1. Taking N as the number of residues in segment 376-440, what is its Cα Rg relative to 2.2 N^0.38 Å?
2. Measure of size requested: the Rg and Dmax of the chain, with Cα atoms as the atom set and Å as the unit; please supply both.
3. Accessible area per residue, 1.4 Å probe, Å², for the chain: what's the number?
4. Can you tell me which aspartates and glutamates have their Cα less than 16 Å from the Cα of K156? Leave out same-chain residues fewer than eight positions away.
5. At a Cα cut-off below 17 Å, give the aspartates and glutamates reachable from K234, other chains included and same-chain residues fewer than 8 away excluded.
6. After finding the eigenvalues of the alpha carbon gyration tensor for segment 295-418, what semi-axes result from the square roots of 5 times each, listed largest first in whole Å?
7. Suppose we keep just the alpha-carbon trace of segment 164-308; what are its Rg and Dmax in angstrom?
8. Using the Kirkwood formula on the Cα atoms of segment 100-229, what hydrodynamic radius do you get, in angstrom to one decimal?
Amino acid sequence: MVKKLFIFAFCFLFLTSFAFAAKEEKTEPRNVILFIADGTGPTIMHLLIQYAKLAPKSPFQDRQSTLEKLINEGKLSLVHNDTAFSIVSDSAAAATQFATGHKTQPEALGVDKDLNPVSSVLIEAKEKGKATGVLTDTYVLDATPAGFFGHVESRKDYTTLSKNLLEVKPDIVMGGGFNHFVSKANIESGDLENILKKVPYAAEIEPKNKDDKTFETLLKSGYALVFDEKGLNKAKANKIFGLFAAEGYPFNIDGLKTAPSLPVMTKKAVEVLSKNKQGFFLMVEAGEVDWAAHTNDAATTLREMLEAEETLAYLKTWVDNHPNTLLIITADHDTGGFGFNYQKISKEEKENKMDKGYIQGKYDYITLDNLDKLLEQKASFYILEKEFKALPKEKQTPQNALKIINDNLNLNLTLKQIDLEEDQTDFSFNKAIKKASENLGIVWNTKKHTSSPLLIIFYGAQVKAPNFMHNTQIAQIIRNYFNEEQ
Ligand SMILES: [Zn+2]
């Protein structure tokens, strides 16, 4: 009898605790983290996956990037990004389309195709009482973040965008772009002297806001205002506004100076936003993949992807521990049309490679060590071109161009291999360095955006999504997920 009672009591306890657990599960708030890798078409995502998997010196222990794990463990679809009037998209139209669910015109933000303002998933999440945030390694008024809070016909209308941002007031705003919040008069009056003492990049500021009152509004908006990684780490507030560079960040390959990296910002944002009992919406942008791809610089692009990877590794673990979270990873458009291509091989190179046992026929199909070679590049093409152009005119010779290229890309090329002649006076350094990278089998179709379809990965919470979708449907999936909340 005692035994029976004990079993009964045990079952009762078990059932009630189960009921409580189920109830708790139901009331748990829902979170959405949208990770946008700007300009990152499928071949750039694949560059990271191939580097992890195939590079002889790959630092990935199981040769699998988090990006590949997310694809395998989550749901993968393809995305169209055509706008209301065009086959090719820019960041503004794409951001508007996935933030609001409306098709629009290129270069417009937060408006439909007829330029009427439309609401975004961030604004709606805020109306539901959720915490919200946007962060980027470009500038905070750049097109991708601005698609979530701005309403302008032109993405360059920074004065209106700064007002829009300070009206919406997401709890977390982080990135570069101090320039867009101060006017010339603000700086010249000396009123900001005390604040500028705390700004490590103060010497680089070039004011771009046309309204002298914007900065004062920002100061009164209830944010902890921080300007470097140290300040961010110390910030205890639930509302943080981080301006970590005058414009965008430097490329990772060139060193971030005092700015926090994308994973550091993301971790802080998630820690702060997840304190809200109603849940949160966060948009994270790896924005400089696009900038690197615009310069057709594969090594710099890969380094930006490795930073994105570190951020995704953090987010995957966080989502695994917080089941009511939907993590979406996608791109706004492809930049550059990147790839590797096989190429004709000289007799001499062929013999050299055949000695190592892996070349047949008359082509070089690009051996795996070319992936390691990318990580040997010491600075971005952007910085190397600046270095060359800073030389006195008489020293801007083909020989010096070759030396900068060989030293910094760790290559051993001849003038002929970068399409230069000994006495050439009028040439483009940029073309020469691009030619150098072609020796690694690298090919880019363009320095602009392409119409390539994009990848999208849904991870964490289960959602229904078509296998091939339009980017306007992303907004609808986020809305549905939030609306189903009990
Ligand atoms: Zn973009």
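The values are calculated or read from the model by the stated rules, or taken from the named source; none is laboratory data. Since the structure is predicted, the reported quantities are computational estimates derived from the model, not experimental observations. Note that each Cβ is placed from the backbone with ideal geometry, even for glycine, and that neighbours are counted across all protein chains shown. Remember, those area values only see protein heavy atoms, side chains included, never the ligands or the DNA or RNA. Shrake-Rupley method; radii C 1.70, N 1.55, O 1.52, S 1.80 Å.
1. Values: Rg = 10.6 Å, N = 65, 2.2 N^0.38 = 10.7 Å.
Ratio of Rg to 2.2 N^0.38 Å for segment 376-440: 0.99.
2. 25.2, 104
3. Averaged over the residues of the chain, the accessible area is 47 Å².
4. Hits, sequence-local ones excluded: D90, E107, D142, E206, D211, E247.
5. Cα-Cα hits under 17 Å: D171, E271.
6. Values: eigenvalues 248, 119, 31 Å².
Semi-axis lengths for segment 295-418 are 35, 24, 12 Å.
7. When restricted to Cα atoms, segment 164-308 yields Rg and Dmax of 15.8, 44 Å.
8. On the way: mean 1/r = 0.0650 Å⁻¹.
With all distinct Cα pairs of segment 100-229 included, I get 15.4 Å.
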